[in-house]
1. Under 6 Å between Cβ atoms, at least 6 apart or on separate chains: pull out the pairs that start in the stretch 18-29 with a residue that is within 14 Å of V6 (Cα to Cα) and modelled with pLDDT of 95 or more and end on any residue that is charged (D, E, K, R) and crowded, with 18+ Cβ neighbours inside 10 Å.
2. Which of (1) surrounded by fewer than 14 Cβ atoms within 10 Å (Cβ to Cβ); (2) in contact (Cβ under 8 Å) with a residue 60 or more places away in the chain is the odd one out, the single condition V217 does not satisfy?
3. So which of P13, P70, P59 is of a type outside the set (S, T, N, Q), more than 22 Å from the chain's Cα centre (by Cα) and modelled with pLDDT of 95 or more?
4. Within the stretch 169-228, which residues are under 19 Å from R262 (Cα atoms) and either aromatic (F, W, Y) or in a loop (DSSP other than H, G, I, E, B) (or both)?
5. Under the condition of being at negative phi and outside any helix (DSSP H, G or I), which residue from the stretch 150-168 is surrounded by the most Cβ atoms within 10 Å (Cβ to Cβ)?
6. Out of the residues in the stretch 229-269 that are of a type in the set (D, E, K, R) and in a loop (DSSP other than H, G, I, E, B), state the one that is surrounded by the fewest Cβ atoms within 10 Å (Cβ to Cβ).
7. So for the stretch 39-52 (the condition being over 29 Å from G175 (Cα atoms), surrounded by fewer than 23 Cβ atoms within 10 Å (Cβ to Cβ), in contact with a helix residue (DSSP H, G or I) (Cβ under 9 Å, 6 or more places away or on another chain) and touching a residue at least 40 places away in the same chain (Cβ under 8 Å)), does at least one residue qualify?
Amino acid sequence: MNSTIVRSALFVPASRPERIAKALASCADRVIVDLEDAVEETAKEQARDNLRDFLTNNPLANVLVRVNAPGHWAHEADLALCKRFAGVSGILLPKAETAEQIQLAHATGKPVWPIIESARGLVALPSLVNCPGVERLSFGSLDLGLDLNLRTASEAAEQVLAHARYAVLLHSRAGGLAPPLDGVYPAIQDVDGLHRHVQFARDMGFGGALCIHPNQVDVIHRALKPSASELDWARRVVAGAESGAGVFTLDGQMVDAPVILRARAILQVAGQAD
């Protein structure tokens, strides 16, 4: 399994090129230059030109790119641009629904992060995760809700989306992919809501979340950070394991291989693994 830790991936519109460097200077683990939803139809070509100019003038920069969806008139030109530049480290593929779409994106030589945001994408998950070049999945809850005709923010909608997250998580794990990223939280000023949202996704097994504003990055990181008591427990478990005991008791609970792996994972998320 690809175990690269990505907690936050920050979108920045290619139509606002002056923001790309600012996004890269943020604490986000990844920056995604967006050619799709954040760019008006009439500005697509200019946005692509902006990204080309930025990559040409900043050869050491490293960004992901969300291209326009398969079937969109700009899709192939977006992929061609990504193929040209080493500074593009991966492609976010919106509306991912078929293996052929992923194969075309991966023909650029870049890793692909399919965005699961439609009913067809959910149904196709078993084939998508096994495509060469797929590194991790991300979850497009807003578009999926629209596709499924869910009533936004209702309890029923949240239940359906939780089931969809489970499918994304399950197939990510079965396909040996890196932990998936949850979708964006659109209420930029709602810090508490974002914190709860990310903790919910964390508890489901997601590795992090996409975001749309630099101020959301720190909130995401704090929501994912293990608590002091979790870190203390993990350190003591690992210390016990390193003493040579394969199975031992800690705080009245049996500790064996799966528990030790869990403890090491907690330390890894906190940046305290060996």
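1. Every condition considered, the pairs that remain are D29/R7.
2. (1)
3. Checking each option against the conditions leaves just P59.
4. G176, L177, F200, G205, F206, G207, K225, P226, S227
5. That would be L150.
6. Applying the filter and picking the extreme gives D251.
7. Looking through the stretch 39-52, none of the residues is over 29 Å from G175 (Cα atoms), surrounded by fewer than 23 Cβ atoms within 10 Å (Cβ to Cβ), in contact with a helix residue (DSSP H, G or I) (Cβ under 9 Å, 6 or more places away or on another chain) and touching a residue at least 40 places away in the same chain (Cβ under 8 Å).
The values are calculated or read from the model by the stated rules, or taken from the named source; none is laboratory data. This one's a predicted model, so the numbers in the text were calculated from it and none came from an experiment. When we count neighbours, we look across all protein chains shown, and the Cβ atoms used for this are built from the backbone with ideal geometry, even at glycine.
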